[in-house]
Amino acid sequence: MRGRRQKGRENMEEIQTEIERKYVTWICEGGDPRMRPRGKAMTTGCGMTNYKVSKQTFERPPKGGIKGLCRHCGRKRNLNPGNVRFHESKEAMIHHVEIVNFQTQGWDE
């Protein structure tokens with residue numbers, strides 16, 4: 001019995017090392033207002049840069065897609081490789097967000 005558990009743990013460790021986190025930033029902005037089939041008005045974004053850490057791949061997202069939630073206005077946005085910027089580390093990602101948000105609107109708090 002112990003042999004099976006040990007083998008299972010080794011497999012899980014291999015899987016966890018294969019999965020690496022993706023650090024991305026994205027800008028909260030509006031889309032094309034003509035693409036609204038139900039007639040709802042398109043909300044405009046606040047223009048602030050946000051970040052997201054995900055273990056999912058952006059090249060092959062899950063069925064519902066990968067969503068980003070703006071921390072400033074609460075607007076949701078679909079994230080894909082065309083509208084995100086990838087970073088190597090969490091520190092680099094947060095540094096980028098602070099610099100860009102300061103340049104656009106000054107300190108938030």
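Compute the Cα gyration tensor for region 52-93, then decide on rounded, prolate or oblate, letting a ≥ b ≥ c be the square roots of its eigenvalues: rounded whenever a/c is under 1.5, prolate when a/b is larger than b/c in the other cases, and oblate in all that remain.
oblate
For region 44-109, with all protein chains present and a 1.4 Å probe, just round the carbon and sulfur fraction of the accessible area to a whole percent.
The value for region 44-109 is 49 percent carbon and sulfur by accessible area.
On a straight-distance basis, which lysines could pair with Lys40 in a cross-link, Cα separation under 28 angstrom, same-chain partners fewer than 8 positions away excluded?
The reachable lysines, counting only those whose Cα sits under 28 Å from Lys40, are Lys52, Lys63, Lys67, Lys76.
The values are calculated or read from the model by the stated rules, or taken from the named source; none is laboratory data. From a predicted model like this one, the values you see are computed outputs, not experimental measurements. In case anyone asks, the SASA skips ligands and DNA or RNA and just uses the protein heavy atoms, side chains included. Shrake-Rupley method; radii C 1.70, N 1.55, O 1.52, S 1.80 Å.
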